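None of the figures in this text is laboratory data; all of them are computed from the coordinates on show. Computed from a prediction, not measured in an experiment: that's the story for all the values here. Glycine also receives a Cβ, built like all others from the backbone with ideal geometry; neighbour counts cover every protein chain displayed.
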Amino acid sequence: MTAPGIRAALAADPGLGAGNVLHKLIEHGAPLDGPGMTFDTAVDDHPAGHALTLGELRDAVAARAAWLSAQGVGPRDPVAVYVTTAADCFLHFMALNWLGAIPALMNPNLPGDVAAEYIRRLRAVGLLTDAEHRRLLARSDRGLELGFRIDAVYDVTQTPAGDPAAAPAPYRHADDDPIAITHSSGTTRMPAAVTQTHGNLFVGTRLQRLRKPKARGTDRILSVLPAPHAAGIMAINHALCNRSDLLYLSRPDDGAAVVDAIERWRPTGVFGFAVTWAELARIDLASRAVDSVSLWYNTGDCAHEPHIRHLVAVGSHETVTREGVQRVPGSMFVDGLGSSEMGHSAFHITHTPDTERYGRCVGQTHDFVEIKLLDPQTGDEVPVGEVGLCGMKSASLSPGYWNDSLNTYRNRRNGYYLTGDLLYRDEEGYFYHVDRMVDAVDLGGGRWLYTAMSEERILKDCPDILDCTVVAVPTDDGVVTDVLLTLHPWADPDADWEPAVRGSLSAAAGATLRRVLVIGEDQLVVGPTGKVRKFLMRQRHAAAAAAAATPVAAAAANSAATQVATPVAQESGAL
């Protein structure tokens, strides 16, 4: 069957969902020698970079499913997956889904103590891990006392030994069956465990990818999304359903490695998070062979304008001319705003070299999403042009947090899921993201300091600044703001950056500015996905301010900062 015919058959299949794409492809006649997946590490007897066919992918997954089944893993068993490589993450995700088990995919950058407490809260019946992460867990305060038998810790080097022919019949999922537990980025506290179902995590793929023409730039996809994220699952299902070639990198935080992979593998599309585009902003892409790329696809946090412009200025795309279809310089960047809880980005906007609608515009909503901007106090919808808390209704939403009904219901209001994002809408129906609720600061008198929008303005106005972080700290005398800068290599680190930064800020934000500091990356506190942990940055700055006052106050502030910085001491939450 042809690729369009397979896409049509999949689109019409009501049983297709996020947990059985591999089986449904084969059931609908996808050729076994067609595209499966490519990884940057070896898979069984195949070397790194080998393009697994659909049949080879099926055999690798079946072997792991057979091995796990022999260990007693079965339907509804939550099994944590704490591994290094994208290959180990996805092959075991598919194998556990084959059995009807529930893979809890964990970011490999989670510290051992956080991971141990997270697994304990999951009440997982098993753990799939590798030597590196087993050592991290063993060194944590909790060790491997995770609330389940030590013999239920499975080494991922053993699972390929299963016999593919011995794999049981694939589990038949219903729409509301859990097929994964993914976690939030953990930028404020212990990551929240987000339940993903067979149905909710496939809404975007079904409605946006299968029932509409195949998107330009998706014939050959390089994914630099974090593999354990909900976006990672959607990326592999997107590629498999559309019969696209897919290379998945295990280290999305390494900008140089991403560019090397583009030059070597020649993708037409690159999927990633905003942190990846900030990494690529360090590199002179005009001097690199990135002309194959026609699409950059972003989800999670929306991207900054200078980083987008840096990307769309390179690459190439096809256009119709008097001489016929030709490939010309310049690419497109599809931006959105999403989260693990949303299940799929709620918004979309496409930028090209000629785009002028920026200012943290995240575009308009997808057809399957309803958005209302709500007053955080009353829950009433705010008028056009006024900032409100984002409330979302969609079939793509996660049903809630695993083992955490408190936060599942705390983040719902009048039937809407509260995403924690602050936005406003213009008269044309375009939405603009100004901040996360936890990062915005009430200055009184109806004035607010929006840290994300402040960072956007600084980066737009100051081209020598590569990236910046705005940290607002409440003090006894009011709010003070420190702006932390990382510079492009050509910029002067000893220059006085304060006037330019102050000039970029709103009057309300500028009035709180205390200092502008050029820092090294090692001074930023980041979470497992590379996002800056402003919550902890504020605590660090509060401790530093106290240290400048009295030794006693410094000790108290440092004690408080330590408690906040110890994720296992925090209750999980979404926002």
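Out of the range 304-359, which GluC sites (Glu not before Pro) are coil in DSSP terms and have no more than 14 other C-beta atoms within 10 Å?
Filter output for the range 304-359: 323, 356.
For the range 3-198, what class follows from the C-alpha gyration tensor (a ≥ b ≥ c being the square roots of its eigenvalues): rounded when a/c is under 1.5, otherwise prolate if a/b is larger than b/c, else oblate?
prolate
Among the listed pairs 212/460; 24/212; 212/372, give every one whose C-alpha distance is greater than 28 Å.
The answer is 212/460.
With +1 on the Cβ of every Lys and Arg and -1 on the Cβ of every Asp and Glu, and nothing else charged, how large is the dipole of the chain about its Cα centre, in debye rounded to the nearest 20?
980 debye
Using Cα pairs closer than 8 Å and at least 6 residues apart in sequence, work out the relative contact order for the range 458-520, in percent.
Numbers: 90 pairs, mean separation 22.9, N = 63.
Once divided by the residue count of the range 458-520, the mean separation gives 36 percent.
For the chain, find the longest principal axis of its Cα atoms and tell me its angle to the long axis of helix 230-241, 0 to 90°, nearest 10.
That helix lies at roughly 40 degrees to the long axis.
Provide the per-residue ³J(HN,Hα) series for the range 351-357, in order, calculated from phi with Karplus coefficients 6.51, -1.76, 1.60 and θ = phi - 60°, each as a whole number of Hz, with x at glycine and proline positions.
Coupling constants for the range 351-357: 9, 10, x, 9, 5, 10, 8 Hz.
Apply the Karplus curve 6.51 cos²θ - 1.76 cosθ + 1.60, θ = phi - 60°, to the phi angles in the range 126-139 and return the couplings in whole Hz, x for Gly and Pro.
x, 9, 9, 8, 10, 4, 4, 7, 5, 5, 4, 5, 5, 7
Would you mind calculating the gained length between residue 319 and residue 368 on full extension (0.36 nm times residue separation, minus the Cα-Cα distance), in nm to one decimal? Mind showing how you got there, number by number?
On the way: separation 49, 0.36 × 49 = 17.64 nm, distance 2.99 nm.
Length gained between residue 319 and residue 368: 14.7 nm.
Among DSSP beta bridges lying fully in the chain, give the percent that are antiparallel, nearest 5. Walk me through the numbers before you get to the answer.
Values: 56 of 89 bridges.
So the antiparallel bridges amount to about 65 percent of the total.
Amide H neighbours of residue 480 under 5 Å, counting only residues 5+ apart in sequence or on other chains, H built in-plane at 1.01 Å?
For residue 480, the qualifying residues are 473, 475.
How much length is gained on full extension from residue 356 to residue 496, taking 0.36 nm per residue of separation minus their Cα-Cα distance?
Roughly 47.4 nm would be gained on extension.
Taking Cα pairs under 8 Å and at least six residues apart, what relative contact order does the chain come out at, in percent?
Relative contact order of the chain: 12 percent.
Can you give me the long-range amide H partners of residue 332? Hydrogens built in the peptide plane at 1.01 Å from N, cutoff under 5 Å, separation of 5 or more residues or another chain.
295, 296
Quick one: check the C-alpha center-to-center distance for the range 403-419 versus the range 431-460, whole angstrom.
24 Å
Rounded, prolate or oblate: which fits the range 423-510 when a ≥ b ≥ c are the square roots of the eigenvalues of the alpha-carbon gyration tensor, with rounded for a/c under 1.5 and prolate only if a/b beats b/c?
Cα axes put the range 423-510 in the oblate bin.
Amide H to amide H, which residues 5 or more places from residue 434 or on other chains are under 5 Å from it, using H placed in the peptide plane?
Amide H to amide H, under 5 Å and 5 or more residues apart or across chains, residue 434 pairs with 422, 423, 424.
Suppose a student asked you for the relative contact order of the range 3-198, using Cα pairs under 8 Å spaced at least 6 residues apart; what percent would you report?
After rounding, I find 23 percent.
Compute the separation of the alpha-carbon centres of the range 1-76 and the range 328-386 and state it in Å as a whole number.
Rounded to whole Å, the Cα centres lie 33 Å apart.
Taking only DSSP H segments of four or more residues, each worth -39500 (n - 2.57), what value at 222 nm results for the chain once the sum is divided by all its residues, to the nearest 500 deg cm²/dmol? Walk me through the intermediate numbers first.
On the way: 16 runs with 161 residues, N = 575.
Here the helix-only value at 222 nm equals -8000 deg cm²/dmol.
So what are the ³J(HN,Hα) numbers for the range 292-302, from phi and the Karplus equation (6.51, -1.76, 1.60; θ = phi - 60°), rounded to whole Hz, Gly and Pro as x?
Going residue by residue, I get 6, 7, 10, 9, 10, 10, 10, 9, x, 5, 5 Hz, with x marking Gly and Pro.
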